[in-house]
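The values are calculated or read from the model by the stated rules, or taken from the named source; none is laboratory data. Fair warning: this is a prediction, and the values are worked out from it, not measured in the lab. Neighbour counts run over all protein chains shown; Cβ positions are idealised from the backbone, glycine included. Remember, those area values only see protein heavy atoms, side chains included, never the ligands or the DNA or RNA. Shrake-Rupley method; radii C 1.70, N 1.55, O 1.52, S 1.80 Å.
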Amino acid sequence: MSDALVQAVNNVLLDPMVWGIIIAAAIYGIFIGAMPGLTATMGVALFVPMTFWLDPVPALAAIVTMVACAIFAGDIPTTLVRIPGTPASAAYADDAYGMNLKGRAGPALGIALWFSVVGGLFGSVVLILLGHQLAKIAGWFSVSEYFWLYLMGLSCAVIVGQSSVLRAVIGLLCGLLLSTVGLSAVHGQARFTFGQPELFQGINFIPAMIGLFGVSEVLRNAMNMESQTSLPAAIRVPKYQGIIRSAMVLFGQRIPAWIRSSVIGTLIGILPGAGADIAAWVCSATSKRFSKTPQEYGKGSAECIADACSGNSASLAGAWIPALVFGIPGDSVTAIVIGVLYMKNLKPGPEIFEAQGGLVYSIYLIFLVANLIMLPIGLVAIRVGGLAMSIPRPILLPIILIFCIVGSYAVNASLFDVGLMLAFGLIGLVCEFWRISIGAMVLGIILGGPLEERFVQTLSGSHSSLLGFVDRPAAAILAIICAALWTAAAISALRTREPADESNLA
């Protein structure tokens with residue numbers, strides 16, 4: 001442990017290049033988050049090609065920092081013009097803008113910044129405390145337990161997603177189908193390649209992610225450009241005095257509520273497919289349920305902003321727990337991170353804690369540093385937040401599309417990858433139109449291959465007997481949990497049927 005910690009300190013705290021990358025990633029994340037319509041996931045997808053030229057620690061430092069800062073920066077347009085910068089900000093948009101209308105834009109952004117920082121630190125501490133302990137438990141698992149774990153992750157993506165159960169299942173099945181393209185790891189035969197040698201190794205992860213999260217956003221914004229609310233030519237952001245001090249006073253008054261929201265956010269982050277968006281909504285609803293002044297919610301409640309920001313920031317670190325311990329993405333960002341780790345020949349799972357202890361401790365330090373550095377950079381972003389929002393969309397969207405094309409081509413210097421990226425951009429746009437879960441599709445693409453491999457291995461090891469899937473106590477318990485999740489999904493689908501929406505799928 002001591003050697004790994006010393007190595008982590010040298011890799012993160014004593015490396016000037018890592019500090020430079022963290023600062024640059026924070027500025028980039030602030031820009032992405034402050035631009036309405038651009039998501040943190042899209043920002044990470046655009047950055048992935050750069051990781052080819054970076055070592056694992058700087059690459060992961062950039063991803064962690066940019067996501068943390070982007071989630072906070074989404075509160076800037078939310079507060080100033082009531083346009084959520086990121087999906088997570090939508091949970092408290094009315095309250096943030098309501099405080100702005102009352103002349104309290106500064107305190108609103110100060111609360112968002114401070115509680116994002118302390119919520120992120122809480123999630124980081126939970127990651128540090130639980131990561132190694134869960135890794136020890138995971139070391140006892142065989143292939144059958146991993147099969148049920150992967151299946152549980154896919155099931156959670158269906159249940160906790162924002163789409164209906166039917167639409168989440170459709171997205172998941174599409175992802176699983178796409179994961180079967182290429183040479184099978186267990187059969188050694190090419191499938192669904194249609195004679196294209198570029199598909200023998202399967203669908204390239206990077207162009208697919210850039211297309212689903214980047215190109216689809218560009219297309220959607222371009223199609224809705226005329227109908228979108230136009231931003232003021234110049235948004236005046238006054239100099240806020242003492243906004244952090246007032247946020248700290250509120251923090252001192254709401255420590256139990258902060259702990260509650262941070263715990264909820266971390267737990268939601270651990271659930272595969274959930275993420276900061278759902279954490280913000282759940283924490284906002286919980287905050288209103290326990291508030292002494294629920295009538296203020298939706299009209300400018302500082303409590304709602306504080307609790308929601310704590311929850312969505314805490315969920316970011318929570319999502320890394322299943323990603324590192326079991327190789328199961330906690331959200332779309334950690335799905336991309338797993339792809340980056342595989343590109344660096346690093347396989348997430350219990351063995352990474354033993355074989356790459358320095359890397360794991362480096363990730364712990366990165367989370368702490370990223371949340372701490374967000375405080376000064378966030379203060380600067382609050383003062384100049386209007387500048388990023390004033391960039392005209394006709395200029396911004398083509399620039400983003402160019403980055404998408406260059407990033408996809410740079411992976412293998414292949415025009416086929418560029419075409420693949422554009423195809424997935426159209427798929428993402430169609431999925432968004434029909435409200436089919438892209439998050440579930442991403443999990444299907446990531447976990448489809450390992451799920452099939454574990455299934456065949458378990459079946460072969462038990463001589464084609466299905467009892468091999470439940471002949472160990474841990475496997476039987478996980479199987480029961482999966483069955484309970486499927487039952488809950490079926491009941492939810494029956495109770496919340498949407499006749500008008502379902503007709504759209506016919």
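Annotation note: of F433, F403, the sole residue that is open to solvent by 60 Å² or more (accessible area, probe 1.4 Å), of a type outside the set (A, V, I, L, M) and without any contact (Cβ under 8 Å) to a residue 60 or more places away in the chain is F433.
Going through segment 34-44 one residue at a time, which ones are touching a Ser or Thr at 6+ places or on another chain (Cβ under 9 Å) and either modelled with pLDDT under 80 or surrounded by fewer than 22 Cβ atoms within 10 Å (Cβ to Cβ) (or both)? Result: P36, L38, T39, A40, T41, M42.
Among the candidates G448, G425, G419, G439, the residue that is within 30 Å of R220 (Cβ to Cβ), at pLDDT 90 or above and surrounded by 18 or more Cβ atoms within 10 Å (Cβ to Cβ) is uniquely G425. Candidates are the residues of segment 99-114 that are of a type outside the set (A, V, I, L, M) and either free of Cβ contacts under 8 Å to residues at least 12 places away in the same chain or open to solvent by less than 10 Å² (accessible area, probe 1.4 Å) (or both); the one that is nearest to W258 (Cα to Cα) is G110. Picking from residues in segment 294-310 that are assigned to a loop (DSSP other than H, G, I, E, B) and not hydroxyl-bearing (S, T, Y), the one that is nearest to L113 (Cα to Cα) is G300.
Among the residues of segment 452-473, write down those that are in contact with a Ser or Thr (Cβ under 7 Å, 6 or more places away or on another chain) and open to solvent by less than 80 Å² (accessible area, probe 1.4 Å). Answer for segment 452-473, where residues must be in contact with a Ser or Thr (Cβ under 7 Å, 6 or more places away or on another chain) and open to solvent by less than 80 Å² (accessible area, probe 1.4 Å): T458, G468, F469. Among the residues of segment 115-148, those that are open to solvent by 20 Å² or more (accessible area, probe 1.4 Å), within 18 Å of G318 (Cα to Cα) and of a type in the set (A, V, I, L, M, F, W, C) comprise L121, F122, V125, V126, I128, L129, L130, L134, I137.
Can you confirm whether segment 420-429 contains a residue that is of a type outside the set (A, V, I, L, M), in a helix (DSSP H, G or I), touching a residue at least 40 places away in the same chain (Cβ under 8 Å) and touching a Phe, Trp or Tyr at 6+ places or on another chain (Cβ under 8 Å)? Yes: segment 420-429 contains one or more residues that are of a type outside the set (A, V, I, L, M), in a helix (DSSP H, G or I), touching a residue at least 40 places away in the same chain (Cβ under 8 Å) and touching a Phe, Trp or Tyr at 6+ places or on another chain (Cβ under 8 Å). Listed by first and then second residue, the pairs linking a residue in segment 452-474 that is within 18 Å of M152 (Cα to Cα) to a residue that is among the hydroxyl-bearing types (S, T, Y), with Cβ atoms under 6 Å apart and 6 or more places separating them unless they lie on different chains, are R454/Y146; T458/S144; G468/T458; G468/S462; F469/S144; F469/T458. Out of D331, D277, D307, one residue alone is of a type in the set (D, E, K, R) and under 21 Å from L372 (Cα atoms). It is D307.
Quick check: is even one residue across segment 355-375 on the phi > 0 side of the Ramachandran plot, open to solvent by less than 60 Å² (accessible area, probe 1.4 Å) and either at pLDDT below 85 or not in a helix (DSSP H, G or I) (or both)?
No: segment 355-375 contains no residue that is on the phi > 0 side of the Ramachandran plot, open to solvent by less than 60 Å² (accessible area, probe 1.4 Å) and either at pLDDT below 85 or not in a helix (DSSP H, G or I) (or both).
Out of curiosity, is L46 among the hydrophobic types (A, V, I, L, M, F, W, C) and either under 22 Å from A319 (Cβ atoms) or not in a helix (DSSP H, G or I) (or both)? So L46 fits the description; yes.
For segment 275-290, taking the residues that are assigned to a helix (DSSP H, G or I) and among the small types (G, A, S), the one that is farthest from the chain's Cα centre (by Cα) is identified as S287. Filtered by the rule that a residue be open to solvent by 70 Å² or more (accessible area, probe 1.4 Å), in a helix (DSSP H, G or I) and either free of Cβ contacts under 8 Å to residues at least 40 places away in the same chain or aromatic (F, W, Y) (or both), segment 1-27 gives S2, V6, N10, P16, W19.
Put simply, of I264, I268 the only residue that is farther than 26 Å from I436 by Cβ, assigned to a helix (DSSP H, G or I), within 22 Å of the chain's Cα centre (by Cα) and aliphatic (A, V, I, L, M) is I264. If we keep just the residues of segment 152-179 that are of a type outside the set (G, A, S) and open to solvent by less than 30 Å² (accessible area, probe 1.4 Å), which is modelled with the lowest pLDDT? Filtering segment 152-179 for residues that are of a type outside the set (G, A, S) and open to solvent by less than 30 Å² (accessible area, probe 1.4 Å), the one modelled with the lowest pLDDT comes out as C156.
Among the numbered criteria (1) aliphatic (A, V, I, L, M); (2) in contact (Cβ under 8 Å) with a residue 40 or more places away in the chain; (3) part of a helix (DSSP H, G or I), which single criterion is violated by I477? In the conditions (1) aliphatic (A, V, I, L, M); (2) in contact (Cβ under 8 Å) with a residue 40 or more places away in the chain; (3) part of a helix (DSSP H, G or I), I477 misses (2) alone. Are any of the residues in segment 255-267 charged (D, E, K, R) and either modelled with pLDDT under 80 or within 20 Å of G106 (Cα to Cα) (or both)? No, segment 255-267 contains no residue that is charged (D, E, K, R) and either modelled with pLDDT under 80 or within 20 Å of G106 (Cα to Cα) (or both).
Here is the figure for segment 180-215: residues that are at negative phi and surrounded by fewer than 23 Cβ atoms within 10 Å (Cβ to Cβ) total 20. Candidates in segment 330-348 are the residues that are under 19 Å from the mean Cα position of the chain (by Cα) and outside any helix (DSSP H, G or I); of these, the one that is surrounded by the fewest Cβ atoms within 10 Å (Cβ to Cβ) is P348. Taking segment 55-96, which residues are at pLDDT 80 or above, surrounded by fewer than 24 Cβ atoms within 10 Å (Cβ to Cβ) and under 16 Å from M35 (Cα atoms)? The answer is A93, and nothing else. Looking only at segment 341-350, decide whether some residue is of a type in the set (K, R) and more than 23 Å from L443 (Cα to Cα). Checked against the condition, which is being of a type in the set (K, R) and more than 23 Å from L443 (Cα to Cα), segment 341-350 yields no hits at all.
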